[in-house]
Amino acid sequence: MDDLEKAILISFDESGAVESALKLQALSFCQQVKEAPAAWQICIERLGFTKLAQVQFWCLQCLYEVISSRYAVMSSEEKAFVRESVFKMVCYEPVDEKNLARVLDGPGFVRNKLAQVLVTLVKFEYPMVWSGVFVDVLPHLSKGVEVIDMFCRVLNRLDAELIDSESHGTDEVTTLVVATRVKDAMRQQCVPQIVRVWYEVVSSYKNSNSEICATVLECTRKYIAWIDIGLIVNDAFVPLLFDLVLGEGFDEQLRGAAASCLLAVVSKGMNFQSKLALLQSLRMNRIFTLVSKDSESEFRSKVALLYAGYGAEILLCFDKLNSEEARGVSMELLDEVLPSVLRVMQNCEADLAVKIVEFLSGYVDSIKSLSPTPLSEKQLFHVGQILEMIRLQIRYDPDYRHNIDVLDKIGQEEEDRMFDIRKDLFSLLRNIGSVAPDVTQIFIHGSLANAVSSPAEKNVEEVEAVLSMFYAFGESASEDAMKNWNGFIGKLVPMLLSTKFQCQSNRIVALIYLETIVRYSKYVQENIQYIPMVLTVFLDERGIRHPNVNVSRRASYLFMRVVKKLKSNLVPFIEQILQSLQDKIAQLTLDISSKELSGSEDGSHIFEAIGILIGMEEVPSEKQSEYLSALLTPLCQQVQALLMNVEGESIPNSSTHVAIIQQNVMAINALSKGFSERLATAIRPTIGLMFKQTLDVLLQILVVFPKIEPLRNKVMSFLHCMVCILGPAVVPYLPKALDQLLKDTEPKEMAGFLILMNQLTKFRIQILDIMEEVFPIIVGRIFSVLPPAPFPTGPGSNTEEVRELLNLQKTFYVFLHLTATNDLSSVLLSPKSMVYLDQIMQFLLSSVRHHKDISVRKSCVQILVVLIKEWCSAPYGEEKVPGFRSFIIERFATDCCLYGVVEKSFNLRDAATDILFGEIVIAQKVMYEKFGDDFLNHLLSRAFPATHCPQNYAEQYCQKLQTADFKALKSFYKSLIENLKSQQNGSLVFR
């Protein structure tokens, strides 16, 4: 062994026994050899005598790299020597007479590398220089399977690098040109001979060497897409393929390879009339009984793919061919293949299932297109079979029943998997429901009846699957179907309501049962005699009292949705509902001494449902007050008692108190959502008074617990509700509340506070005094945390802190906009706010010019327009805000309304930007009305000249500004800006 072989072996060592320094030295030596001018020669010589696989691989890799990078500069003699040497290796011959080692005796990875080297030569030389590369190999195939295998590896590599992946490579155009050249030459010169050899090899070896036959057929499959189909579809090759597929005595790998070839045949791109004739001529029904539903093997998967692919091609023909005869033939072929497709669907892998569902969806679409022609008996039968397949596919595996019921990690994974499977299957179900509604309805009704009576060990999965089908079907059910008491839904909904399934205690059954009732509550709304049954379902152990806490919580939410839907129809049942929920309400409004906290806010849905019920105007006044007082009084008393007890304690010891208070505030908040401002202030002010008293109590929380964020958030949410319910009557409570909420606020909390302030601006002048107090605090706090420069972008910039600040900034823009547009702009001029006025103006100006969100820029323009209107009198009048007029003319009008729109980034073809442009034109109109000639003179003397705008254009614009309507002015200004952009090519820089 010489130094090179040692270096190669060391460089390949992965055992860890070689010292790193020695390995680096070996790698360096190998690299030196690779870079030597005669590297190709060293490699070929070495390949003539070495039998070490690592050395063979290294030499072939080196040879590949040399050919790829240096072949063009090699002499013609050197190239000829390389071609001859590589060809000999491929044909199982020694490189020379002295050295008799054969590369084909090496392992598969060495032979693959040799194939890559030959294909690289083909790219450079075929057919111009080396025209016989493929034809000359063919006589050598008689040497045996070694050369046949090698030839297949070469063809496979050729397919991978050029034919199948024409866009692969660093230069896509060059690769496509080479691929086209090679394919065209092969078609003319050698493809028929290669196909003949494929046929002869498979025919000769099918009984003695199934592995080499499978290899050849896999290679054949790859080439069918671009060679003449007549070379395969003939009286010799097709019968051979069918013999192999049907021959049970053959190896399954070989049979699967033959099936893959048939799939390539049926998938061959061609004229659709010719394709239909081909599909018909294949008589594919010969193999439709091959696969039993219980078998599992690679061969079964290949045949299943063939079924699906064959069906998909028939569907294409049906879709593309318009003649009645062609569509009839297509439908006959579809009817033949469909039972086999459904059979393999019962036991197949996910990838194949997706393809089959796509095919079945296409089939349903095809029979849908036959409307108004009624479906044939055979088609109706197939539709029923597809529905049965859906039912089977969406059933959970009983082996995971416990996992899914308790929803552990395994159960969650199984639910997620089933969710993905069901999406397409339920889409298919709804499609069938529109094509064959009667068949679908009868199927679901019958399946549900069977599931109800099925044995207990199967009951869970059967019932859940059918209920899920009924639920999915309801997504596309028409309004009329929901109302029709005598129809399918009219039969099934009462059946559901009156049924207590044996498996109702199981989580997934209970959940889908409740979800289905909610989906069909529209039917109950039209047929109110079923309301008592619905209430019973939700109020007994099937719903809110279900033993599984997850079901119980979900039932609370779903009950609230049903209440929203049925609303006034439930008035006669309020007393019954409240009485039934008494124990639940008691659980959710915990006693101070209780140590068991749910830690969940799902109870809010029960209170929200109760609030909706008792908040309706149809409820008698006395009863309404009685109900509300019975709920609010204990909740408020409990909060008051807790607050009094907490005053002498340290906060860490009050965690139980905090949790109970939080729970109570949540309950009050949810309860209040059912009441309207009209009810609480105009019709029944007693209700409003109760909420005011409640607000008095809850605001004390902010004093006792000023820094506990969850409590602050709950109280703030309640304030939002009170703004909606009490209207302006809430204003007297605001100073105390806002003062507490503003203390020690973090950016995240500040955004929440601003949302409340945005809601309060609707009271306009009524909150002016409050705004004058809080506005400077808000602005000061926000400017202290927002960065002066734009937010960073790129990797690592999307941190939680940055996201919080971005959200704060976005909410602040809304706050400024609402402040300006709700007649509150005077707060900016209050003594405490004036110190921030310049900062606010610069903030707005920068945002108009540079903010990446066009809607923000538009909002800022609108703010400045409002301020111009309110702070500036007619031309030459007294300035309300000294310096504001010159700031607007010199900065806003110039920088934003002219320089900003001339910039290349201002895309006038974008719809959102065009709206912003319209706001800018409105702003210019307003500035002319307020500033007159001062504004025009500035445009003519300074602004337009800086953009190199021709004087006549500028003068025309000023004339249009004085006389034209908005539409004409916007059109002229747009054409002016586009001209300036084209002249300057977006390269102006304004300072």
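The values are calculated or read from the model by the stated rules, or taken from the named source; none is laboratory data. Remember, it's a predicted structure, so these values are computed and weren't measured experimentally. Reconstructed Cβ throughout: ideal geometry from the backbone, glycine too, with neighbour counts over all protein chains shown. These area figures cover heavy atoms from the full protein model, side chains too; ligands, DNA and RNA do not enter into them. Shrake-Rupley method; radii C 1.70, N 1.55, O 1.52, S 1.80 Å.
Could you list, in sequence order, all residues of the stretch 88-106 that are open to solvent by less than 40 Å² (accessible area, probe 1.4 Å) and more than 26 Å from LEU9 (Cα to Cα)?
Result: CYS91, single match.
When you go through ALA964, ALA912, ALA943 one by one, which is the residue that is under 29 Å from LYS852 (Cβ atoms) and over 40 Å from the mean Cα position of the chain (by Cα)?
Working: ALA964 fails: under 29 Å from LYS852 (Cβ atoms); ALA912 fails: over 40 Å from the mean Cα position of the chain (by Cα).
Result: ALA943 is the single residue among ALA964, ALA912, ALA943 that is under 29 Å from LYS852 (Cβ atoms) and over 40 Å from the mean Cα position of the chain (by Cα).
Would you confirm whether or not the stretch 107-119 contains a residue that is buried (at least 19 other Cβ atoms within 10 Å of the Cβ) and either without any contact (Cβ under 8 Å) to a residue 24 or more places away in the chain or over 45 Å from the mean Cα position of the chain (by Cα) (or both)? Spell out the reasoning first.
At the first step, the residues of the stretch 107-119 found to be buried (at least 19 other Cβ atoms within 10 Å of the Cβ) are 110-111, 113-119.
Pick out the ones that are also either without any contact (Cβ under 8 Å) to a residue 24 or more places away in the chain or over 45 Å from the mean Cα position of the chain (by Cα) (or both) and you get none.
No, the stretch 107-119 contains no residue that is buried (at least 19 other Cβ atoms within 10 Å of the Cβ) and either without any contact (Cβ under 8 Å) to a residue 24 or more places away in the chain or over 45 Å from the mean Cα position of the chain (by Cα) (or both).
With the checklist (1) over 30 Å from LEU138 (Cβ atoms); (2) of a type in the set (Gly, Ala, Ser); (3) buried (at least 18 other Cβ atoms within 10 Å of the Cβ) in hand, flag the one item ALA21 doesn't pass.
Tallying (1) over 30 Å from LEU138 (Cβ atoms); (2) of a type in the set (Gly, Ala, Ser); (3) buried (at least 18 other Cβ atoms within 10 Å of the Cβ), ALA21 fails exactly one: (3).
Which condition from (1) within 26 Å of VAL902 (Cβ to Cβ); (2) basic (Lys, Arg); (3) in contact with a helix residue (DSSP H, G or I) (Cβ under 9 Å, 6 or more places away or on another chain) is the one that LYS852 breaks?
So LYS852 meets the others, but not (3).
Table: residues versus (1) surrounded by fewer than 19 Cβ atoms within 10 Å (Cβ to Cβ); (2) touching a helix residue (DSSP H, G or I) at 6+ places or on another chain (Cβ under 6 Å); (3) part of a helix (DSSP H, G or I); (4) at pLDDT below 90.
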residue	(1), (2), (3), (4)
VAL639	no, yes, yes, no
LEU642	no, yes, yes, yes
ASN645	yes, no, yes, yes
GLY648	yes, no, no, yes
ASN653	yes, no, yes, yes
HIS657	no, yes, yes, yes
ASN664	no, yes, yes, no
LEU671	no, yes, yes, no
ARG678	yes, no, yes, no
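ALA72 - would you say it is small (Gly, Ala, Ser), in contact with a Lys or Arg (Cβ under 6 Å, 6 or more places away or on another chain) and either surrounded by 14 or more Cβ atoms within 10 Å (Cβ to Cβ) or without any contact (Cβ under 8 Å) to a residue 60 or more places away in the chain (or both)?
Working: small (Gly, Ala, Ser): yes; in contact with a Lys or Arg (Cβ under 6 Å, 6 or more places away or on another chain): no; either surrounded by 14 or more Cβ atoms within 10 Å (Cβ to Cβ) or without any contact (Cβ under 8 Å) to a residue 60 or more places away in the chain (or both): yes.
Taking the combined requirement at face value, the residue does not satisfy it.
So, in the stretch 39-64, how many residues would count as being over 21 Å from VAL154 (Cα atoms) and open to solvent by 40 Å² or more (accessible area, probe 1.4 Å)?
Matching residues across the stretch 39-64 total 6.
I'm trying to understand the selection: among the residues of the stretch 498-520, which are open to solvent by less than 40 Å² (accessible area, probe 1.4 Å) and modelled with pLDDT under 90?
Taking the stretch 498-520 as the starting set, the residues that turn out to be open to solvent by less than 40 Å² (accessible area, probe 1.4 Å) are 499, 501, 503-504, 506-518, 520.
Matches in the stretch 498-520: THR499, PHE501, CYS503, GLN504.
For every residue, the table says whether it meets (1) open to solvent by 20 Å² or more (accessible area, probe 1.4 Å); (2) of a type in the set (S, T, N, Q).
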{"position": "GLU746", "(1), (2)": "yes, no"}
{"position": "GLU749", "(1), (2)": "yes, no"}
{"position": "ILE765", "(1), (2)": "yes, no"}
{"position": "ASP769", "(1), (2)": "yes, no"}
{"position": "THR799", "(1), (2)": "yes, yes"}
{"position": "PHE815", "(1), (2)": "no, no"}
{"position": "THR821", "(1), (2)": "yes, yes"}
{"position": "VAL827", "(1), (2)": "no, no"}
{"position": "TYR836", "(1), (2)": "yes, no"}
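Restrict the check to the stretch 559-579 and report whether at least one residue is at pLDDT 95 or above, surrounded by 16 or more Cβ atoms within 10 Å (Cβ to Cβ) and touching a His at 6+ places or on another chain (Cβ under 8 Å).
For the stretch 559-579, residues at pLDDT 95 or above, surrounded by 16 or more Cβ atoms within 10 Å (Cβ to Cβ) and touching a His at 6+ places or on another chain (Cβ under 8 Å): present.
Spot the failing condition for ASN431; the list is (1) at pLDDT 90 or above; (2) open to solvent by less than 60 Å² (accessible area, probe 1.4 Å); (3) assigned to a loop (DSSP other than H, G, I, E, B), and only one is missed.
Result: ASN431 fails condition (3) only.
For (1) within 21 Å of ASP96 (Cβ to Cβ); (2) outside any loop (DSSP other than H, G, I, E, B); (3) out of contact with any Lys or Arg (no Cβ under 7 Å at 6 or more places or on another chain), each residue gets a yes or a no:
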| site | (1), (2), (3) |
| --- | --- |
| LEU22 | no, yes, yes |
| LEU27 | no, yes, yes |
| GLU45 | yes, yes, yes |
| LYS51 | yes, no, yes |
| TRP58 | yes, yes, yes |
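Against the condition hydroxyl-bearing (Ser, Thr, Tyr) and open to solvent by less than 30 Å² (accessible area, probe 1.4 Å), how does SER371 come out, does it pass? Working first, answer last.
Numbers: hydroxyl-bearing (Ser, Thr, Tyr): yes; open to solvent by less than 30 Å² (accessible area, probe 1.4 Å): no.
Criteria not met by SER371.
Being over 40 Å from the mean Cα position of the chain (by Cα) and not assigned by the TED database to the domain that holds GLN924 narrows it down to one of SER873, SER825, so name that one. Please lay out each step first, then the result.
Working: SER873 fails: not assigned by the TED database to the domain that holds GLN924.
None of the other options fit; the residue is SER825.
Of all helices (runs of 4 or more DSSP H) completely enclosed by the stretch 912-991, which ones contain at least 2 residues that are surrounded by 13 or more Cβ atoms within 10 Å (Cβ to Cβ) and among the aliphatic types (A, V, I, L, M)? Step through it out loud before you land on a result.
Numbers: elements: 933-938, 951-963, 966-984.
Once the helices (runs of 4 or more DSSP H) in the stretch 912-991 are filtered for at least 2 residues that are surrounded by 13 or more Cβ atoms within 10 Å (Cβ to Cβ) and among the aliphatic types (A, V, I, L, M), what remains is 951-963, 966-984.
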